[in-house]
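*Asks:* Have a look at the structure that comes next, please.
Throughout, read-outs are computed from the coordinates displayed, never taken from laboratory work. What you see is a predicted model; the values in this text were computed from it and never measured. Here Cβ is always computed from backbone atoms with ideal geometry, including for glycine, and neighbour counts include all displayed protein chains.
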Amino acid sequence: MDLKVLKNKKVLILGFGREGMDNFKFLRSLFPNKILGVGDRLEIKSLPKKAKKLIHYEKCSRRVRLHLGKNYLDALKNYDVIIKSPGIPPRILKPFLKKRQGITSQTEIFLENCLGKIIGVTGTKGKSTTASLIYRILKDGGIKVHLIGNIGKPVLQLLFSATPKDVYVYELSSHQLLNLKKSPQIAVFLNIYPEHLDYYKNFKEYVRAKANITRYQTKKDYLIFNSRDKIVREIAEESKARKIPLSRYLKREIKQKDVPLIGDFNLQNLAAAVEIGKIFGISERDIIGAIKKFKPLSHRLEFVGKFCGIKFYNDSLSTIPEATIVAIDTLKKNLQTIILGGLDRGQSFERLAKKILESKIETVILFPTTGEKIWRGILQQLQDKFSKRAKKKILPQYFFVNNMKEAVKLAYKFTQSEKVCLLSPAAASFNLFKDYRERGNLFKKQVKLLGKKL
């Protein structure tokens with residue numbers, strides 16, 4: 001969207017979290033005297049402190065119209081342009097919209113107005129690690145690079161300082177890609193699995209949103225993609241961009257010992273970052289040097305430490321069954337205890353149940369509500385005799401818990417020395433925790449606290 005269009009339009013910022021506040025500050029810088037609307041499902045008392053402070057100042061100047069609380073969507077009809085935060089599903093807006101209203105997003109505004117080059121990174125899993133690796137390689141290679149999006153800063157205020165020499169590594173979720181009409185010059189597409197099925201009508205709509213990362217690319221652009229993923233491969237076949245399929249192997253010059261990431265799945269993330277480095281002409285020596293210095297991100301198969309002889313891993317960001325299956329395969333025979341479960345978003349846990357039965361896992365600790373669903377799946381696998389372990393009728397012991405302290409206490413009780421306990425929920429966190437970070441941090445805190453007492 002051309003920013004000049006907004007000058008004489010009534011604009012509503014819908015959603016007033018971190019991104020919404022950035023949208024507000026950006027528009028206020030562009031239009032100092034413009035009256036702006038702010039809509040959010042939260043009442044003002046429940047908003048973040050920074051948001052309340054910003055609103056208080058604006059109320060004093062009478063340049064803001066507030067639409068807060070359960071009826072916040074009623075105000076949509078009074079605005080020409082709505083800048084929507086990613087977490088608000090478009091389907092809930094439809095009953096409140098008029099014809100010819102414009103709905104846009106921070107991502108769309110940035111892509112259409114940024115003077116620099118944008119590297120977009122998406123995938124159901126692995127995008128944060130890959131975006132961070134790309135950033136590290138480009139930075140060490142002397143590129144003027146910025147890490148933005150889900151993992152970095154909100155982006156709109158960066159438009160004021162953007163130049164053609166700037167490069168932006170943009171981690172893009174499906175919510176940010178939804179309804180875009182422009183794609184980044186360089187796109188990285190890692191994988192796609194069923195997720196956010198409570199947000200989209202169906203998996204097909206989720207795939208369509210992800211495909212926007214390459215849908216509007218031209219012959220001058222690049223698409224780096226996972227050719228082993230059938231859906232990603234099919235999307236790539238429709239792209240006009242120059243295509244670079246990813247390999248899951250390391251060049252001989254990059255030794256496994258130099259890679260500070262565990263799991264074969266991370267080799268693909270690494271390969272994507274290496275390809276970006278090549279596009280920008282960064283030397284192999286600098287690429288390898290950046291990889292060696294890279295620090296793994298928190299909550300992604302993060303080694304918490306060894307306590308009472310037990311090795312603890314925090315994989316709180318595993319919010320889908322496929323990610324937990326990968327974690328189980330990575331830790332393999334030493335994995336004795338796993339902590340699972342969270343918010344039910346309509347996913348199938350059949351493959352995960354089968355994987356648990358086939359593994360060496362002896363203790364399963366389960367959070368609501370998907371904990372019950374996972375355990376029913378394990379029992380069904382046993383009944384149907386899909387695995388060797390099921391045929392022997394050997395079930396892991398199981399416990400249902402409602403808090404992290406209880407889960408970790410059981411993990412200490414039933415995990416032997418030199419074995420592994422893994423938090424890898426295979427589900428979202430919002431029914432019991434603020435987000436995956438809080439869940440992972442509580443796990444680490446309880447592991448360390450109880451470890452000192454035992």
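*Asks:* Using packing as a proxy for protection, rank 124-136, 353-365 so that the peptide with the highest average count of other Cβ atoms within 10 Å comes first.
*Replies:* Packing order, densest peptide first, comes out as 124-136, 353-365.
*Asks:* Residues with amide H under 5 Å of T369's amide H, sequence separation 5 or more or different chain, H placed in the peptide plane at 1.01 Å from N; which?
*Replies:* Answer set, sorted by chain and number: G342, L343, D344.
*Asks:* Still on this structure: Using the number of other C-beta atoms within 10 angstrom as an exposure proxy, rank M1, M21 with the fewest first.
*Replies:* Exposure proxy ranking, most exposed first: M1, M21.
*Asks:* Hey, what do the phi angles of region 277-290 turn into as Karplus ³J(HN,Hα) couplings, whole Hz, using 6.51/-1.76/1.60 and θ = phi - 60°, x for Gly and Pro?
*Replies:* Each residue of region 277-290 in turn: x, 5, 4, 8, x, 7, 5, 4, 4, 5, 4, 5, x, 5 Hz.
*Asks:* For V326, V232, what's the fewest-to-most ordering of other Cβ within 10 Å of each Cβ?
*Replies:* V326, V232
*Asks:* Moving to a separate point now. Evaluate the charge dipole of region 121-217 about its Cα centre and quote only its size in Debye, nearest 20, assuming +1 on the Cβ of each Lys and Arg and -1 on the Cβ of each Asp and Glu.
*Replies:* 200 debye
*Asks:* I've got another one for you. To the nearest 10 degrees, how steeply does helix 18-30 sit against the main Cα axis of the chain, on a 0 to 90 scale?
*Replies:* The angle comes out near 20 degrees.
*Asks:* Classify region 8-104 as rounded, prolate or oblate, taking a ≥ b ≥ c as the square roots of the eigenvalues of its Cα gyration tensor: rounded when a/c is under 1.5, otherwise prolate if a/b is larger than b/c and oblate if not.
*Replies:* oblate
*Asks:* Taking the mean number of other Cβ atoms within 10 Å as a proxy for protection, how do you rank 101-114, 265-278, 82-95, 47-60 from highest to lowest?
*Replies:* In decreasing order of mean packing, 101-114, 265-278, 82-95, 47-60 become 265-278, 101-114, 82-95, 47-60.
*Asks:* Of L379, L115, how do they rank once you tally other Cβ atoms within 10 Å and put the fewest first?
*Replies:* L115, L379
*Asks:* Right, something else. Can you list the HN-Hα couplings for region 96-112, worked out from phi with the Karplus curve (6.51, -1.76, 1.60; θ = phi - 60°), rounded to whole Hz and with x for Gly and Pro?
*Replies:* Calculated HN-Hα couplings, in order: 10, 8, 9, 5, 6, 6, x, 10, 9, 8, 4, 4, 5, 4, 5, 4, 8 Hz.
*Asks:* Return the subset of K117/K230; K306/K448; K9/K117 for which the Cα-Cα distance in this structure is over 18 Å, preserving the input order.
*Replies:* Pairs exceeding 18 Å: K117/K230; K9/K117.
*Asks:* What list of ³J(HN,Hα) couplings, whole Hz, do you get for region 233-243 from phi and the Karplus terms 6.51, -1.76, 1.60, once you set θ to phi - 60° and write x for glycine and proline?
*Replies:* 4, 5, 5, 4, 4, 8, 6, 8, 6, 6, 9
*Asks:* Search the structure for amide H atoms under 5 Å from the amide H of K243, placed 1.01 Å from N in the peptide plane, and list their residues when 5 or more places away or on another chain.
*Replies:* L223
*Asks:* Please give the calculated 222 nm ellipticity per residue for the chain, where each DSSP H segment of at least 4 residues contributes -39500 (n - 2.57) and the sum is spread over every residue; nearest 500 deg cm²/dmol?
*Replies:* -11000 deg cm²/dmol
*Asks:* Going highest first, how would you order 71-79, 296-304 by mean Cβ packing within 10 Å?
*Replies:* Listed from highest to lowest mean packing, they are 296-304, 71-79.
*Asks:* A further question on this structure: Mind scanning K4/K94; K70/K99; K153/K373; K295/K445 and naming the pairs with a C-alpha gap bigger than 29 Å?
*Replies:* K153/K373
*Asks:* Can you compute the charge dipole magnitude of the chain about its Cα centre, using +1 on each Lys and Arg Cβ and -1 on each Asp and Glu Cβ, nothing else charged? Give it in debye, rounded to the nearest 20.
*Replies:* It comes to approximately 580 debye.
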